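A short write-up of the structure that comes next.
The values are calculated or read from the model by the stated rules, or taken from the named source; none is laboratory data. This structure is a prediction, so every number in the text was calculated from the model and none was measured. We place every Cβ from the backbone using ideal geometry, glycine too, and count neighbours over all the protein chains shown. In case anyone asks, the SASA skips ligands and DNA or RNA and just uses the protein heavy atoms, side chains included. Shrake-Rupley method; radii C 1.70, N 1.55, O 1.52, S 1.80 Å.
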Amino acid sequence: MVSLVTAGLTVCLIYVLHKLVELRRLANSIGLPRFPLVSLGKHHIWEGKWNDAARFGWDVYSSVALLPPKGQISLYIADADVVQEVTGSRARFPKPVWMYSSLSFFGRNIVASEFEEWKKYRKLSAPSFSERNNKLVWDETVRIMLDLFDNVWQDRNVIAVDHCVDITLPIALFVIGVAGFGRRVSWKDDQVVPPGHRMTFKDALHVVSMNIFTRLIVPNWAMGFTKKTRELGQAFDELELYMDDMIRERRSGAVREERHDLFSSLMDAADDVNGEGGAGTLSDMDLKGNIFIFMLAGHETAAHTLAFTFGLLALYPQEQEVLYQQIMSIIPDGRTPTYEEMNLFTRSMAVFYETLRMFPPAPNMPKYSAEDTTLTFSNSEGERRTVPVPAGTNLLVNAPALHYNPRYWHDPYAFDPSRFLKPDWPREAFVPFSQGARACLGRRFFETEGIAVLTMLVSRYKIELADEPEFSSETFEQRKARLLRTRAGLTMTPIRLPLVFKRR
Ligand code: HEM
């Protein structure tokens, strides 16, 4: 028995040593500065920002890992030209979709696919993110904010929230509920469970959206083990039932009016291609898979960006005042702004872009090399270098490193929205929505929602930091660091951001 174990261990050791030699050879063939033996986690990428690139002296560096998801060498990219090249050549640098397979709960979808399948989903989905959908997003966001002011905050002059996401998560969920799924959900109604269901739509959407991360890591067979996972399983089942209802209602003609939510538009596109002469079909599973992924892609990203934005404005009251003044110059009487006026709120957009630069919700966008190729990159000294990139190499577009790279951004740690008001701001070094053919489809959706939320809120309320005596001895930098702490979740997540909203 002992000798069997010894033999087994020896074989393992030889395997590991062999692997290490092989990896070293592979790494030397690329010849880039590197981290040894571990893939850098999301959080390291965020915490490291541009510092790793600075340490290595190049805006592309590597890690060589024994146990990566697939492939052994990873290149981290903080060079804007290389980002353009990688995101611009989909055939050479596709998305490693095996990393996303767990996102196909309800069906195949645009985020977790590549090549011909992705092309089909993108072609059918893109028209749903239309001007009419944007207008719906605006009008419904305004309605949701008025509902919050009138029916939840009512006549209170001071509203304290223990964690800002307690407000921003519901706002973003209600917006996606109506402009994505075509179902209005609001702060107070939706208490009645309809026949044939065990949860309201609002609760199913809420439980699913808040626990996707758990659902991703708990295998199907373990879902019945705890009360929480059983409830989560039920919420997923319920959301699917609701989506089945919506497909049936729309197909049966019960809902005939013209609708511009993403679900209705996607169904129209599906019915077109499923009819004669269509360029490929879209099953009900595909429909559910894609509409669910729109929610997944658009809920937390939007909610967390709103939260970081409010936090930064509370930390920098002078920036909030400049924003308030611009908003009031457009709506001096404090009336509700219209969709047609959206592009006038340039400062609101600049504030969002600055927040997204500093807190990109998706810190890295993975790709891989489909062939043996080369990449040429440079450093702050202007030196250039070309390295071989073997097929199978992982490539990570490193958003924090790019967004804090002083080659592109002056004083990158400063919160300075006005940098985005200059005509020549470095667009090529701004990747919160990714770039190229696979860039975010919901960018305008978010910008519309965000500007409506920010404009309505800042025109009526001042955002301030909560007064917490236990932290009274903190310096400004300590307070900022505490409030803007993050953890890596599905997207970059604020840990605790207590704020106060004071009526103006
Ligand atoms: C602050 C808000 C948002 C940010 C920062 C953001 C960021 C991103 C990023 C980085 C990607 C590329 C992911 C990758 O390649 O791995 C992406 C893709 C996508 N996003 Fe967004 N997103 C936001 C809001 C939204 C919203 C509101 C929706 C929908 C309602 C949405 C729908 C999508 C879709 C469908 C894709 C997949 C595109 C494709 O693969 O062709 N996003 N987003």
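Using alpha-carbon pairs under 8 Å, 6+ residues apart, how would you state the relative contact order of the stretch 208-360 in percent? This gives 16 percent for the stretch 208-360. In percent, rounded to a whole number, the relative contact order of the chain is 25, using alpha-carbon pairs under 8 Å and six or more apart. What is the percent carbon and sulfur in the accessible area of the stretch 100-164, measuring with a 1.4 Å probe over the protein chains and ignoring ligands? Accessible surface attributable to carbon and sulfur in the stretch 100-164 totals 54 percent.
Which pairs in the list Lys422/Lys480; Lys188/Lys480; Lys367/Lys480; Lys120/Lys227 are over 30 Å apart, alpha-carbon to alpha-carbon?
Over 30 Å apart, Cα to Cα: Lys188/Lys480; Lys367/Lys480; Lys120/Lys227.
Heavy atoms of the protein chains alone define the surface here; on that basis the stretch 193-352 has 44 Å² accessible area per residue at 1.4 Å probe size. Taking His43, His410, His197 and ordering them by how much accessible surface each has at a 1.4 Å probe, largest first, produces His410, His43, His197. Residue by residue, the stretch 394-402 carries 3J(HN,Hα) couplings of 7, 10, 10, 6, 9, 4, x, 5, 5 Hz when phi is fed to the Karplus relation 6.51 cos²θ - 1.76 cosθ + 1.60 (θ = phi - 60°); x denotes Gly or Pro.
Report summary: the helix-based calculation at 222 nm, which adds -39500 (n - 2.57) for every DSSP H run with n ≥ 4 and divides by the residues of the chain, gives -15000 deg cm²/dmol. Taking amide H as placed 1.01 Å from N in the peptide plane, the amide H of Leu395 sits under 5 Å from that of Leu75, Lys367, Tyr368, Ser369, each at least 5 places away or on another chain.
Using a/c under 1.5 as the rounded threshold, could you call the stretch 356-504 rounded, prolate or oblate? The axes a ≥ b ≥ c are square roots of the C-alpha gyration tensor eigenvalues, and prolate needs a/b larger than b/c, oblate otherwise. The shape class here is prolate.
Rolling a 1.4 Å probe over the protein heavy atoms of the stretch 440-485, with every protein chain left in place, gives an accessible area that is 52 percent carbon and sulfur. Heavy atoms of the protein chains alone define the surface here; on that basis the stretch 140-187 has 34 Å² accessible area per residue at 1.4 Å probe size. Translational diffusion of the stretch 134-204, estimated by Stokes-Einstein from the Kirkwood radius over alpha carbon pairs at 4 °C in a medium of 1.567 mPa s, is 97 µm² per second. Volume of the convex hull of the stretch 446-504 (Cα atoms only), normalised per residue: 105 Å³.
For the chain, the dipole from Cβ point charges (+1 on Lys and Arg, -1 on Asp and Glu) about the Cα centre works out to 980 debye, to the nearest 20. Calculated on the alpha-carbon coordinates, the convex hull of the chain measures out at 200 cubic angstrom per residue. Between Asn157, Leu75, Val86, the Cα set farthest toward the positive side of the dipole of the chain (charges on each charged residue's Cβ, about the Cα centre) is that of Leu75.
A dipole drawn for the stretch 270-401 from +1 and -1 charges on Cβ atoms has a positive end, and of Leu312, Pro361, Met349 the residue lying farthest that way is Leu312.
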